[in-house]
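See structure below.
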Amino acid sequence: MASWDNVVGGTNSSTGLSVSFFLTGIPGYENVHHLISIPFCVLYLIGIVGNCTILRVIQTDKSLHEPMYYFLSMLSLTDMGMSISTLPTVLRIFWFNAREIEMNTCIIQMYFIHTFSLMESAVLLAMAFDRYVAICDPLRYSSKLTPQRIIYIGVLILIRCSIALPIILVRIPTFSFCRSHYLSHSFCLHQDIIRLACSDISFNILYGLFVIACYWGVDSLGIFISYAFILHSVLRIASKGGKLKALNTCASHICAVLILYVPMIGLSLVHRYAKHSSPIIHITMANIYLLVPPVLNPIIYSIKTKQIRQGFLKILSIKKNGLTHT
C-alpha cells in the first residue's frame, strides 16, 4: 500500500508493482454513491444482456449467417469486453467505497480497456468495408466476403489490437510516482496514470500518439473513404427509393461510428484543453465514452435491422411461453 505522503502528493517517491492508486467515484457525492450506482447497474445490465441477445439471435437464426451479421457479432463481443473491463472497479467504488487498486491490477485493466477500444474501431472499419462491398460491388459480395476471409479479418483485428499496448504498459512499473496517487476516474486509463509520474514519460506520450494515428487515424480514414465510395455509388442509383434503401442499410453502422468516435474525440479534447475544468466533466465524458456504445449499439441494431428485431421478439415469445407453461 502506498504511504500517506505518496497519496496526498508528498515528496517521497514510490516505484514498482507494490504501488497503489486510488480511483475516483463522483467527487462531492460520496454519500449517495449507492443511489448513483443504480443507473450504472442498469446501463451495464442493458449492455451485457443486449449484446448477449444479439449473439444468441445470430447464432440460432441461420438466415443471419451472413458477413454483415458476423461482423455485428464481433462488435457485440467487443462491446461486452469494454463493459466487463470497467464493471468491477466501478461497482466496487459505488457499492463498497473500495477505491484502492494495485499497480499490476491497474495495468491489466488499462490493457483490456484500451485494447477493446482499439478493437471496436477496427471492427467498425471492417463493417464499413462490408457495406462498401454490398453497395458498390453487390454481385461479388458473397465471393469477396467468404466465411474464411471473415475469420481471417477477425483474427487480424485481434492480433493487431492486442500487440499495440504492452510496449508502453510494461514501462509503467519502472516509473517513479512522487505526486498524488489519486486517479481521475473509476477505472485505469493510460493518459490518466502517466500524468502522475515523476519520471520521463516522453516515450509513452509519443508512442501513445503513434497508436492513435496508426489505429484510430487509419480506421477513421478507412471508414471515411468507404463511405465516400458508397455515397458516390448511391448517387448513381436512378430511383429515390433505391437510394434510400441503400443508405438505410448503412444507418445502423453510421450511428455506431458516431457513438464511438464523438465521445472519444470529446474525451481527448477535455484531457487536452480542459485540464483544470471540473472533475465531473472529465468523469462524465469518460463514462459516456466507455458505457454508452455497449448500451446503444444493440438497441440501434435491434430497431433498425428487421431480422435482429424479429429475433429479439422470437426469444421474448419463447421465454414468455415457457413461463406460461410452468
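The values are calculated or read from the model by the stated rules, or taken from the named source; none is laboratory data. No experiment lies behind these values; they were computed from the predicted model shown. Quick reminder, even Gly has a Cβ in these numbers, built from the backbone with ideal geometry, and neighbours come from all protein chains shown.
Quick grid of which residues meet (1) touching a helix residue (DSSP H, G or I) at 6+ places or on another chain (Cβ under 6 Å); (2) modelled with pLDDT of 95 or more:
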residue: 130; (1), (2): yes, yes
residue: 157; (1), (2): yes, yes
residue: 163; (1), (2): no, yes
residue: 178; (1), (2): no, no
residue: 195; (1), (2): no, no
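At pLDDT 90 or above, in a helix (DSSP H, G or I) and under 22 Å from residue 212 (Cβ atoms): does that describe residue 269?
The answer is no for residue 269.
With of a type outside the set (S, T, N, Q), under 30 Å from residue 166 (Cα atoms) and in contact with a Leu (Cβ under 6 Å, 6 or more places away or on another chain) as the only criterion, which of 80, 74, 103, 127 stands out? Before the answer, list the steps.
On the way: 80 fails: in contact with a Leu (Cβ under 6 Å, 6 or more places away or on another chain); 74 fails: in contact with a Leu (Cβ under 6 Å, 6 or more places away or on another chain); 127 fails: in contact with a Leu (Cβ under 6 Å, 6 or more places away or on another chain).
103 is the lone residue from the list that is of a type outside the set (S, T, N, Q), under 30 Å from residue 166 (Cα atoms) and in contact with a Leu (Cβ under 6 Å, 6 or more places away or on another chain).
Applying the selection to the range 290-321, what residues are of a type in the set (Ser, Thr, Tyr) and without any contact (Cβ under 8 Å) to a residue 40 or more places away in the chain?
Kept after step one, since they are of a type in the set (Ser, Thr, Tyr), are these residues of the range 290-321: 301-302, 305, 317.
The answer is 317, and nothing else.
How many residues are closer than 20 Å to residue 125 by Cβ and not hydroxyl-bearing (Ser, Thr, Tyr) when one looks only at the range 216-242?
So in the range 216-242, the residues closer than 20 Å to residue 125 by Cβ come out as 216-234.
Now drop any that are not not hydroxyl-bearing (Ser, Thr, Tyr), which leaves 216-219, 221-225, 228-232, 234.
Selection size over the range 216-242: 15.
When you go through (1) small (Gly, Ala, Ser); (2) without any contact (Cβ under 8 Å) to a residue 60 or more places away in the chain; (3) touching a helix residue (DSSP H, G or I) at 6+ places or on another chain (Cβ under 9 Å) one by one for residue 202, which number turns out not to apply?
(3)
Please give the helices (runs of 4 or more DSSP H) falling wholly within the range 125-235 in which 1 or more residues are crowded, with 20+ Cβ neighbours inside 10 Å. Walk me through it before giving the result.
Values: elements: 141-144, 147-162, 166-169, 190-193, 202-211, 218-235.
Filter on the range 125-235 gives 147-162, 166-169, 190-193, 202-211, 218-235.
Got a number for residues in the range 48-70 being among the basic types (Lys, Arg) and either crowded, with 22+ Cβ neighbours inside 10 Å or without any contact (Cβ under 8 Å) to a residue 24 or more places away in the chain (or both)?
Of all residues in the range 48-70, those among the basic types (Lys, Arg) come to 56, 62.
Pick out the ones that are also either crowded, with 22+ Cβ neighbours inside 10 Å or without any contact (Cβ under 8 Å) to a residue 24 or more places away in the chain (or both) and you get 62.
Total satisfying the criteria: 1.
Only residues that are aliphatic (A, V, I, L, M) and touching a residue at least 40 places away in the same chain (Cβ under 8 Å): list them for the range 171-194, please.
Initially, the range 171-194 is screened for residues aliphatic (A, V, I, L, M), giving 172, 183, 189, 193-194.
Listed by number, the residues that qualify are 172, 183, 189, 193.
Going through the range 167-221 one residue at a time, which ones are among the aliphatic types (A, V, I, L, M) and over 18 Å from residue 118 (Cα atoms)? Before you say what the answer is, go through the steps one by one.
At the first step, the residues of the range 167-221 found to be among the aliphatic types (A, V, I, L, M) are 167-170, 172, 183, 189, 193-194, 196-197, 201, 205-206, 209, 211-213, 218, 221.
The answer is 170, 172, 183, 193, 194, 196, 197, 201.
Given 37, 73, which one is among the polar types (S, T, N, Q), surrounded by 15 or more Cβ atoms within 10 Å (Cβ to Cβ), under 25 Å from residue 258 (Cβ atoms) and in contact with a helix residue (DSSP H, G or I) (Cβ under 7 Å, 6 or more places away or on another chain)?
On the way: 37 fails: under 25 Å from residue 258 (Cβ atoms).
One residue alone meets the criteria, 73.
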